[in-house]
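Below is one structure; the comments refer to it alone.
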Amino acid sequence: MENQKNILDYDTVALDEAQDAVIIIDQTLLPGKIELIALHTAQEMWDAIYLLKVRGAPAIGVAAALGIYLLANRIETEDFEEFYQKFTEYKEYLDSSRPTAVNLSWALKRMDAVAVKAGREEHKTVAKVKEILHDEALQIRAEDVEVCRKIGEFGLELVKPGDGILTHCNAGQLATVKYGTATAPIYLGQERGYNFHVFADETRPLLQGARLTAFELHSAGVDVTLICDNMSASVMSKGWVQAVFVGCDRVAANGDTANKIGTSVVSAVAKQYGVPVYICAPTSTIDMATATGADICIEQRKAEEVTEMWYKERMAPEGVKVYNPAFDVTDHELIAGIVTEYGVARAPYTESLKEIMERKAQR
Ligand code: MRU
């Protein structure tokens, strides 16, 4: 256990020095204990993602990219097709760990594409393909930092010093490599003396807002106030919130956005009080192949996440029926803007998101 450093001094997800494991902070233990764990096997990687030891759309994308590289690196064959068959098995296995955040399959597809290009089209040796996969995984990780910083810059233009900002779940550094997405404007504002007042929804059932967002923002010295999920109308009615910044797990082509369960409620409440809702979305989370929110697969999780406390004390009667979707979809009409690394997309999203993705493709 290492408790001396600030949580923000740790890497959320990284390769170990020996390049033999993916190192993550076990986020299920936060804020009580900062423990780094090493993921070596495909099963360990799958479990870590499914059990939310590493979580948040960008972070699981990066974890999967680093993970598939490590697994690929251990495949013992000189024959590309044999290598690729095993690679595909690992890829599909990791991809099955969680369904909603598109970053997971986005990162794995990107790794797959470089492997196919190098091995099949350019006829490189398997050793060279492994090297290329290594570089691509590290590139995906490095890009995440850059992308979040840009989202922070664009997001900062939407608010002014002293504003109140409400956020839901954790789209912070713990959900990315650095800065976070929804927290990026907050961290950049902090560097520039903006003195934001942040309200962090606790985010039931797994308390990512209380355990993670409040923890990391408080550790960074940001003025953060933890509220229960049913308090957003109360703080908004008092005029304490000028903007909502949230992350996302998948943005459909029409702007409908899946994010942690409860985001759509916050967005509806914000509309009622005239508070703009901004979705902070790396383009890796925008899925133009999904037409609307109705087409997004929403992960259903175990009932015990609702009926038992994080520390395993029961809070509901045995046998009671439970409905526990991990995410919900915020209708695009409730969204004031989608903040990407290429700028802020505004309604009509079908056009603005298309334009942003085309700009990305031309890069
Ligand atoms: O179930 P989780 O904790 O992975 O859910 C995370 C969220 O909903 C985040 O808001 C989203 O992944 C964006 S993280 C930048």
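Just so it is clear, none of the values below were taken in a lab; they were calculated from the coordinates. Because the structure is predicted, anything quoted here is derived from the model rather than measured. Note that each Cβ is placed from the backbone with ideal geometry, even for glycine, and that neighbours are counted across all protein chains shown.
Starting from the coordinates of the alpha-carbon atoms of segment 1-96, obtain the Kirkwood hydrodynamic radius over all distinct pairs and give the value in Å to one decimal. Walk me through the numbers before you get to the answer.
On the way: mean 1/r = 0.0714 Å⁻¹.
Taking every pair of different Cα atoms in segment 1-96, averaging 1/r and inverting gives 14.0 Å.
What is the local net charge at A38, summed over the other residues whose Cβ is closer than 9 Å to its Cβ (Lys, Arg +1; Asp, Glu -1)? Let's see the in-between values first.
Details: positive: none; negative: D16, D20, E44.
Within the 9 Å Cβ shell, the charges total -3.
What Kirkwood Rh does segment 214-296 have if only Cα atoms enter the pairwise 1/r average? Answer in Å. Numbers along the way, then the final one.
Values: mean 1/r = 0.0710 Å⁻¹.
Computed over Cα pairs of segment 214-296, the Kirkwood hydrodynamic radius comes out at 14.1 Å.
Compute the Rg to Rh ratio over segment 61-195 from the alpha carbon atoms, using the Kirkwood formula for Rh, and round to two decimal places. Walk me through the numbers before you get to the answer.
On the way: Rg = 18.6 Å, Rh = 16.5 Å.
My calculation puts Rg/Rh at 1.13.
Working out 0.36 nm times the residue gap between N6 and A303, then minus their Cα-Cα distance, what length gain in nm do you get to one decimal?
Numbers: separation 297, 0.36 × 297 = 106.92 nm, distance 3.33 nm.
This chain segment gains 103.6 nm when fully extended.
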Query - Total formal charge among the other residues, if their Cβ is under 10 angstrom from that of A118, Lys/Arg +1 and Asp/Glu -1 - result: +1
Query raised in the report: Among all lysine pairs in segment 210-363 that are eight or more places apart or on different chains, how many have alpha carbons less than 17 angstrom apart?
Result: 4
Query raised in the report: log10 I(q)/I(0), Debye, Cα-only segment 145-206, no solvent, q = 0.21, 0.28 Å⁻¹?
Result: -0.78, -1.20
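Mind ranking 192-199, 247-254, 143-150 by how tightly packed they are, going by the mean number of other C-beta atoms within 10 angstrom, highest first?
Values: 192-199: 16.8, 247-254: 26.8, 143-150: 19.6.
Answer by packing, highest mean first, reads 247-254, 143-150, 192-199.
What is the sum of charges around F199, taking Lys and Arg as +1, Asp and Glu as -1, for the other residues whose C-beta is under 14 Å from the C-beta of F199? Show your work: numbers first, answer last.
On the way: positive: K238; negative: D163, D201, E202, D223, D229.
Its environment carries a net charge of -4.
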Query raised in the report: So how long is each side of segment 319-360 along the principal axes, counting just the alpha-carbon atoms, biggest first, in Å?
Result: 52, 20, 14
Report summary line: re segment 49-134: pairs of Cα atoms spaced beyond 15 Å account for a percent value of 52 percent
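What does the helix-only formula give at 222 nm for the chain: each DSSP H stretch with n ≥ 4 adding -39500 (n - 2.57), the total divided by the residues, and the result rounded to the nearest 500 deg cm²/dmol? Don't jump to the answer; show the numbers that get you there.
Values: 11 runs with 136 residues, N = 363.
So the calculated ellipticity at 222 nm is -11500 deg cm²/dmol.
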Report task. Mind giving me the nanometre distance, one decimal, between the label points for T350 and K321, set 7 Å out from Cα along Cα→Cβ? Result -> 3.7 nm
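Extension gain K160-A18, at 0.36 nm per residue separation less the Cα-Cα distance, in nm? Display every interim value, and only then the final one.
Values: separation 142, 0.36 × 142 = 51.12 nm, distance 4.48 nm.
The span from K160 to A18 would gain 46.6 nm if fully extended.
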Query raised in the report: In what sequence do W106, W240, W46 fall when counting other Cβ within 10 Å, fewest first?
Result: W240, W46, W106
Query - Relative contact order, percent, the chain [alpha-carbon distance under 8 Å, six or more residues apart] - result: 15 percent
Query raised in the report: From a point 7 Å beyond the Cα of D295 in the direction of its Cβ, which residues of segment 339-355 have a backbone N at a distance under 16 Å?
Result: 349-355
Report task. Over all directions, average the projected area of the Cα convex hull of the chain and note it in nm². Result -> 18.4 nm²
Query raised in the report: Between rounded, prolate and oblate, where does segment 159-362 land on the alpha carbon gyration tensor, with a ≥ b ≥ c its root eigenvalues, rounded for a/c under 1.5, else prolate if a/b exceeds b/c?
Result: oblate
